[in-house]
1. Which one is nearest to His119 (Cα to Cα), of the residues in the stretch 83-93 that are surrounded by fewer than 16 Cβ atoms within 10 Å (Cβ to Cβ) and not small (Gly, Ala, Ser)?
2. Taking only pairs six or more apart or across chains, which ones have beta-carbon atoms under 6 Å, a first residue in the stretch 117-130 that is assigned to a strand (DSSP E or B), and a second residue that is not hydrophobic (A, V, I, L, M, F, W, C)?
3. Restricting attention to the stretch 47-80, and to residues there that are aliphatic (A, V, I, L, M) and in a loop (DSSP other than H, G, I, E, B), which single residue is farthest from Gln113 (Cα to Cα)?
4. Restricting to the stretch 103-121, name every residue that is among the aromatic types (Phe, Trp, Tyr) and modelled with pLDDT of 90 or more.
5. Counting only residues that are closer than 11 Å to Trp120 by Cβ, of a type outside the set (D, E, K, R) and either in contact with a helix residue (DSSP H, G or I) (Cβ under 8 Å, 6 or more places away or on another chain) or in a strand (DSSP E or B) (or both), how many does the stretch 81-110 have?
Amino acid sequence: MGMGFAPTWLGQVSPPLPPLHKTTLTTASAFAIQLQDMEGIPAGVADVWEATGRRPEAAYTWDMQRNDNLKWSQRFRPRCRFDRLYYRPADMLKPVYFELIGLERLSRFDGCQRFPSDHWGILAHFDKKD
């Protein structure tokens with residue numbers, strides 16, 4: 001990432017990942033980081049967005065081109081896929097769809113005209129294998 005946060009992020013991730021890539025069950029873990037930019041995703045662990053076809057409309061979970069919650073004075077409005085869902089494929093479940101949630105403004109609830117967060121939420125759908 002080049003921001004000097006990798007050691008902190010690796011410390012946050014190291015507890016959940018060993019069980020995830022060592023289990024024989026379908027298991028999922030969500031992270032707001034980019035593992036493959038640091039040391040890579042462990043063998044046997046997959047990214048749900050990638051496994052469900054990499055739909056471009058669901059790629060960026062932090063998208064300042066669509067989400068204006070944060071004040072940004074620069075002309076370039078960045079977007080990144082910070083939030084990810086990793087899973088350990090097994091015999092029971094198969095990921096079939098990945099989508100972003102929280103794309104609607106909250107005006108109906110509190111009149112603020114803001115999104116619930118500066119990051120979109122992620123939602124994955126799994127089917128049970130026969």
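1. Among residues in the stretch 83-93 that are surrounded by fewer than 16 Cβ atoms within 10 Å (Cβ to Cβ) and not small (Gly, Ala, Ser), the one nearest to His119 (Cα to Cα) is Pro89.
2. Gly121/Gly102; Ile122/Asp83; Leu123/Glu99; Ala124/Pro95; His125/Tyr97; Phe126/Pro95; Asp127/Lys94
3. Taking the stretch 47-80 and keeping what is aliphatic (A, V, I, L, M), we get 48, 51, 58-59, 64, 70.
In the following step, the residues that additionally are in a loop (DSSP other than H, G, I, E, B) were identified as 59, 64, 70.
Details: Ala59: 24, Met64: 16, Leu70: 13 Å.
Filtering the stretch 47-80 for residues that are aliphatic (A, V, I, L, M) and in a loop (DSSP other than H, G, I, E, B), the one farthest from Gln113 (Cα to Cα) comes out as Ala59.
4. Scanning the stretch 103-121 gives Phe115, Trp120.
5. 2
The values are calculated or read from the model by the stated rules, or taken from the named source; none is laboratory data. Just so it is clear, the model here is predicted, and its values are computed rather than measured. FYI the Cβ positions are ideal-geometry reconstructions off the backbone, even for glycines, and counts take in every protein chain you see.
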